[in-house]
Structures are given as structure tokens and as C-alpha cells.
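Visitor: The structure that follows is given in the form of C-alpha cells.
The values are calculated or read from the model by the stated rules, or taken from the named source; none is laboratory data. These figures come from a predicted structure and were not determined experimentally. Note that each Cβ is placed from the backbone with ideal geometry, even for glycine, and that neighbours are counted across all protein chains shown.
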Protein chains: 2
Amino acid sequence: MEHPENDDLYKGLKVNKGIVDVPTVNPYLKKRVQRRQYTPAEYVEGILKGNITILSQAVTLVESAKHEHQQIAQEIIEKCLPYAGKSMRIGITGVPGAGKSTSIDVFGMHLLKKGHKLAVLAIDPSSERSKGSILGDKTRMETLSREKDAFIRPSPSAGSLGGVARKTRETIILCEAAGFDTVFVETVGVGQSETAVHSMVDFFLLIQLAGTGDELQGIKRGIMEMADGIIINKADGDNVDKAQMAASQFRNALHLFPPTESGWTPKVLTYSGYYNIGVKEIWDMIDEYMAFTKKNGYFEYKRREQAKYWMYESINDTLRDTFYNNPAVSSMLNQTEQQVLQNEITPFVAAKRMMDLFLGDISSSK
Amino acid sequence: MEHPENDDLYKGLKVNKGIVDVPTVNPYLKKRVQRRQYTPAEYVEGILKGNITILSQAVTLVESAKHEHQQIAQEIIEKCLPYAGKSMRIGITGVPGAGKSTSIDVFGMHLLKKGHKLAVLAIDPSSERSKGSILGDKTRMETLSREKDAFIRPSPSAGSLGGVARKTRETIILCEAAGFDTVFVETVGVGQSETAVHSMVDFFLLIQLAGTGDELQGIKRGIMEMADGIIINKADGDNVDKAQMAASQFRNALHLFPPTESGWTPKVLTYSGYYNIGVKEIWDMIDEYMAFTKKNGYFEYKRREQAKYWMYESINDTLRDTFYNNPAVSSMLNQTEQQVLQNEITPFVAAKRMMDLFLGDISSSK
């Protein structure tokens, strides 16, 4: 029973009106934080002018999982495409502890002094492993991160390797359109990500250490074969002899491999990232490679092959997504899997049935 | 002008009627060669009775690329499924020259003497590489190939690894239904085929040689990690010490690997295929593994995981086939690829367009 009009009559426990909760967010702040959403044309204009803030925001759209963000992102990328493709794309890998962050810092400063503009990106599909990635902690590239001509962007957050790699590849396009003439794509070198990086760069650089005699065991054979250059870090002080010995071991190992498709003979150099020794020679090597492959046509050939590769990778990814997210498929998938597990049908028959369901659903739903 | 009725009047060059071409094929032969096509039920009956001729013919259907053969094959396989699954499936790999054929010959005879029935299959997707495969030349397993309780079948002819592997996997089912209680799946060990073999066997055996100090370099790290047992061949005569040294090197190397999922510690043994030394110990090891994994449930778990793996592999294969063979897709694929190569659209946009074409074609064609 309520007697609102007699409220004052109640003489028992009384609840004071009290005060309204103090807002935890400054109401005046809202206006400032909420920024107008740019149109794709405005993004493109900003990127082409080299506006780093707008570039960063566009990359965020590329990395977003939201459908509406992806739509804008694809429009931006497409408009940037004619202005892209003109950078040196360099993949950098090496086991954790090889000194990748120090090396990228010193390589980057070397390039900036020569008048280059550098974007540093990364592929690191596993969030768990991100501890090992230099870009997990951007501040580790102390000098470079303070430079206006350097754009450092950590790996897109965890997802499938294919998805992360695609985002990084699309970010390259935006960076190139924004005037960055050199792009580093770094990977921590623990899994399949080297292949992804290799398929989006012109030059693949492997950083190694002179170690305990296990030099060749420490890396996967496939990665050695991908490298256009192997550089042995920490060739300084007492370590110079060891580094040079490691270099000749690597040179011997490289002799065992079949000739490269590019016609380039991979080089092995020693350097010290920390003491900035031998860095010029590394970039001379990379310049030499670029001139060599541009002259013999391999540079252009490889770029085209990479574009094809990514097209078919994207098709296969999209195809799988469409299939497994199809309602008819996903509603029957578990049951079919159980039939396979019970030895009632073969995996191949199961696949055929799921395929028929998929095709049937598409034709009836339109 | 023609005067047919006056043909005989023509007195110039004359063409004689001549004789009818002699047939190059004996017309009486046709009846003998053409055999009655069995019904699926007859195939199944023959297989369950252990009729090797009918088993062979059924395997030929499994391997056939023809649609009508595949339909019959799938019906046979499905009817055989309830009788399958009861064999020991053993994968055998090793680099060319490790003595795989001699070893399989002697292992097989050992098993036959113990009353087993053995099917020897192979996966060798590359026709070019088939020279290296022992089963390219079946006669190299001299003793075994004369035994009635041994069924030796070369790898299905060249095709995609996925296709070849599926056919081999389905052949296992037929062999098991025909009463073979042990199945060897051999691979020449040059590429990705080990993974395919590993995903269809219970025990994975790696044959190695005591070599020139390069033992560990010669094989891919991934293959070592797959092995449930490593056996060093040619441990005879002067070579015994070297083989035992290699064995202890392998044992040390195995210590570096993380524990296996099965809980089993992979063993390293020495033997001589040629002199038939140490063969019993190898089969004691495999028996021990089977008992161990059946007790801890891993045997059953792995079989189920393998069935699931093959289901999803089949789905992905079927999906790609359907997509790329779609007329709308295949008619536009080249043009879209060119647009990607001309930097007009991104690989991702290209993939999306192809996908839309595919889905559109399916919904309109019904």
C-alpha cells in the first residue's frame, strides 16, 4: 500500500534524500574526447599529407574486427593503393635475445640520418608470446620512438596468423601512401610467422648470435633458406672472434642450400647493435640486393607473386569463414563429427554431406 | 558438274575400291577382358572373406578419379567401416638410402611368422620423387611380395598430397575389413607427407643411419618430434660402434624435446635389416607402446582426433574444389588476379568479390 500524499506521516526509520552520486567522468570531457568520424576521403587526404595521427587512426580501423570499420578501412586502402608500393620492405627476424630491438633502433637511426622515413611494423599472432616481441614494449626502441620520421606500430592484437598478417600487409600500404620509404616487418621468429613475413617483404634479414656451438640447431632450417642476409649481432669486445667464427659457419651452411630464385647469394655479416659497429655495411648489402634484383627483374616478379599469394590466401580464409559460419553447417557440424567419431561415416562422406548442406542453404536463402 | 550415272565413262585416273582396314584389336578378345562389374555388396562380401583380388579391385576404385568409381568406392568403404579399425597402423619413414625396403621386408616376415596378416601401403604424392619410394618398385621387397598373407600396394598415383593421403587412408579401411591386422604406411620422407602419415597411424617409426656426423642435420626437426621410435639401421660388422654412437646421439637429442602427448618416451634402437639383427626388439617396443597407450586411453583418443582431423581436411579440400571449379569463379579468376597484379584492388577485396560471385552463382543456379 502506498500513500504518497501521506508520506510525511510515517514516523519510523527515515531515509534521507541524500546527494546524487558524484559523476566519475567529467561531463565536460565528453565533447573533447568524442571526435568527428572522418570520411574515407578525409582519411586518404590526411594519409597522403603524411599526417601521422590520421595514419594511426586508419591503422586502427584496419585492425578493428568491426564490420563497419572494415568497410571504411577497405575503402581507404583501395584509395591509397595507387600511392603505395614504393618502399623497401624488409623483414627482420631472430630468436628472442638476439637483440632485435637494439638492432632495429640503430638501423632505424642510420636510415633516418640518410633522409629516409621508416615504419616499423610487426607480426606476432600469439598474444601469449608477445612478451618475446620487441614491439610488445615499444619503449625498448628508445631512440627511434622519439623520432618524427619513424612510425612504430605494435603487432595487431592476437588472432589467426592469416588475419594478423593481412592487417600488417594492409598497414604497409597505408604507411607507403603516407610517404614512408622504408618498412620493417619484425617477427619474433617462433612459428609460422616467418613465412607470412617472407611473403610480404623484399629482403629478409635474419639476426643471429654467436653462441655455444648450437648456432645452426637454434633456428629452423626453413628460415635459413629464406634469408637474403644473415647478420651476427654482438660482434664486439671479446666476442669478435666468436662472431666471426659463427659467420663462417653460417657461410658454410649456406653453401649447402640450392641457389636462390633471385640469383642473389645470401651474405653473412657481423655487427654490434649496441656499439653501432658494422651497421653501414648491412645497409650497403641491402642496397646492393635491391639494385641487383631490380636489374634482373626479380624485385618486380616477387612483388607480383606475393600479391597473388595473398589473394589466394584471402580467398581460402574467406571461404572457410563463410562455410563454418553458415547456420546450416554450424547446426549440423557437431552431429556429423560425432558420426565420424562413431565410425558410422567416413570423414570424406561427412565432408560431402556438410558441403551439400552448405550449398543447399545458400541456394534456398536467396 | 556431276554425272553420276555416267561415272563409268571417266577414263582418267581411277581409284580402286580397295579393302576394308584390318582391325588392330582382336574382336574376340573384348569379351574375355571385359569382366562383369561387381555390385558394392559383392565387393564388400569379397573383401570381408579376405579375397585379395576383389580387395585390389576395390582399392583401384578408391584410387580412381572417375566420379562413378568414387561413388561405388564410397559405398564399399562405408559398408566396410564397421569391420575396420582393428589393426596396428604403423608409419615408417626415413631418408632414401636408409634401407626402408629391406627393413619392411624383414619386419614383414617377422610379423607373418607370428601369424599376422600385413598390408603395406605408401604415400608418395610426387610422381617425380617416386624413384625414391620403395613401393615404386614393389619387387624390392622380394620375400614379402611372394607371401599370400602380405598385401603390398604402391602409392596412389600422383596428385595433391591431400588426395593421395585420403586414398591411402580409405585403403587402410578396406585392408582392415579384409582381415589385415597390421598396416604399414610408408613414406619416402621428403616433404609434408610425414605429417599426413603421422595423422593416420598409431605408431610412427623413423629409420635412420649412422652417418658422417650429420645425423641430426639430415632430418627435419619436426619429424624427430613425431617419432615414437627411432631405429638405426646397418648396425652390423664394423658399423656396430658407429650405430650405437648415433643411437646415443639421438637419445640425447630426444631429451631436448618436450614430453610427448601420449606419455610414451620414444625409444632409440639399433638393428640390421640386411642381417636380420635386432628386429624382434623393435616389435617388442611397438607391442609395448600399443599396450601402454591402450591402457592410458591415448590410443583411442588419438584415433578419434585423427578421424576429426581428416574430416576437416576433407571439408577444406572439398570446399576449395567446389569454389575453384565453379564456372562463375573460374571465368573471373584470371581477370581479378590481373587487377590485383595491377594494384587496382587489394588481395582482400579480390577475395571478397570472388566470394560474392561464388555465392551469387550458387543461389541463382538452383
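Visitor: I want to confirm something. Restricting to region A:262-279 and keeping residues that are free of Cβ contacts under 8 Å to residues at least 40 places away in the same chain and assigned to a loop (DSSP other than H, G, I, E, B), which single residue is farthest from A:ARG304 (Cα to Cα)?
Guide: In this case the residue turns out to be A:TYR275.
Conditions (1) out of contact with any Lys or Arg (no Cβ under 9 Å at 6 or more places or on another chain); (2) closer than 18 Å to A:GLU170 by Cβ; (3) in a helix (DSSP H, G or I), marked per residue:
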position: A:THR60; (1), (2), (3): yes, yes, yes
position: A:ALA65; (1), (2), (3): yes, yes, no
position: A:ILE72; (1), (2), (3): yes, yes, yes
position: A:LEU81; (1), (2), (3): yes, yes, yes
position: A:ILE92; (1), (2), (3): no, no, no
position: A:THR102; (1), (2), (3): no, no, yes
position: A:HIS116; (1), (2), (3): yes, no, no
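Visitor: Another one. Which residues, taken from region B:176-188, are under 14 Å from B:VAL201 (Cα atoms) and more than 14 Å from chain A (Cβ to nearest Cβ)?
Guide: Matches in region B:176-188: B:ASP181, B:THR182, B:VAL183, B:PHE184, B:VAL185, B:GLU186, B:THR187.
Visitor: Find all pairs meeting these conditions: Cβ atoms under 6 angstrom apart; at least six residues apart or on different chains; first residue within region A:51-69 and within 22 Å of A:LEU161 (Cα to Cα) and not assigned by TED's automatic domain parsing to the domain that holds A:ALA122; second residue assigned to a helix (DSSP H, G or I) and among the basic types (Lys, Arg).
Guide: A:VAL62/A:LYS167; A:GLU63/A:LYS167
Visitor: Condition (residue is within 14 Å of chain B (Cβ to nearest Cβ) and exposed (fewer than 14 other Cβ atoms within 10 Å of the Cβ)) applied to region A:272-282: is it met by at least one residue?
Guide: So far as region A:272-282 goes, no, none of its residues is within 14 Å of chain B (Cβ to nearest Cβ) and exposed (fewer than 14 other Cβ atoms within 10 Å of the Cβ).
Visitor: Now for a different question. Residues of region B:137-156 being assigned to a helix (DSSP H, G or I) and either surrounded by 13 or more Cβ atoms within 10 Å (Cβ to Cβ) or at pLDDT 80 or above (or both), which ones?
Guide: Hits for region B:137-156 are B:LYS138, B:ARG140, B:LEU144, B:SER145, B:ARG146.
Visitor: How many residues are among the polar types (S, T, N, Q) and within 26 Å of the chain's Cα centre (by Cα) when one looks only at region B:224-277?
Guide: 3
Every residue, every condition in (1) buried (at least 18 other Cβ atoms within 10 Å of the Cβ); (2) farther than 14 Å from A:LEU121 by Cβ; (3) modelled with pLDDT of 85 or more, yes or no:
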| residue | (1), (2), (3) |
| --- | --- |
| A:VAL185 | yes, no, yes |
| A:VAL197 | yes, no, yes |
| A:VAL201 | yes, no, yes |
| A:GLU215 | yes, yes, no |
| A:ARG221 | no, yes, no |
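Visitor: Collect the residues in region A:78-94 that are under 18 Å from the mean Cα position of the chain (by Cα), at pLDDT below 95, surrounded by 15 or more Cβ atoms within 10 Å (Cβ to Cβ) and within 14 Å of another protein chain (Cβ to nearest Cβ), keeping them in residue-number order.
Guide: Across region A:78-94, the qualifying residue is only A:ALA84.
Visitor: Separate question: Does region A:17-36 contain any residue that is β-branched (Val, Ile, Thr) and modelled with pLDDT of 85 or more?
Guide: No, because not a single residue in region A:17-36 is β-branched (Val, Ile, Thr) and modelled with pLDDT of 85 or more.
Visitor: Among the numbered conditions (1) within 23 Å of A:ILE92 (Cβ to Cβ); (2) within 14 Å of another protein chain (Cβ to nearest Cβ); (3) surrounded by 15 or more Cβ atoms within 10 Å (Cβ to Cβ), tell me where A:THR260 comes up short.
Guide: The failed condition is (2).
Visitor: So, one more: Out of all the residues in region B:291-309, is one or more facing another protein chain (nearest Cβ under 9 Å), closer than 25 Å to A:TYR312 by Cα, free of Cβ contacts under 8 Å to residues at least 12 places away in the same chain and of a type outside the set (Lys, Arg)?
Guide: There is no residue in region B:291-309 that is facing another protein chain (nearest Cβ under 9 Å), closer than 25 Å to A:TYR312 by Cα, free of Cβ contacts under 8 Å to residues at least 12 places away in the same chain and of a type outside the set (Lys, Arg).
Visitor: Suppose the filter is modelled with pLDDT under 65 and either outside any strand (DSSP E or B) or under 28 Å from A:ALA65 (Cα atoms) (or both); does A:GLY191 pass it?
Guide: Against the criterion (modelled with pLDDT under 65 and either outside any strand (DSSP E or B) or under 28 Å from A:ALA65 (Cα atoms) (or both)), A:GLY191 qualifies.
Visitor: Suppose we filter B:ASP236, B:ASP284 for residues that are acidic (Asp, Glu), touching a strand residue (DSSP E or B) at 6+ places or on another chain (Cβ under 8 Å) and more than 30 Å from B:GLU170 (Cβ to Cβ); which single one remains?
Guide: After applying the criteria, what remains is B:ASP236.
Visitor: If you don't mind, there's one more thing I want to ask. So, in region B:318-365, exactly how many residues are more than 9 Å from every other protein chain (Cβ to nearest Cβ) and part of a loop (DSSP other than H, G, I, E, B)?
Guide: Of the residues in region B:318-365, 3 are more than 9 Å from every other protein chain (Cβ to nearest Cβ) and part of a loop (DSSP other than H, G, I, E, B).
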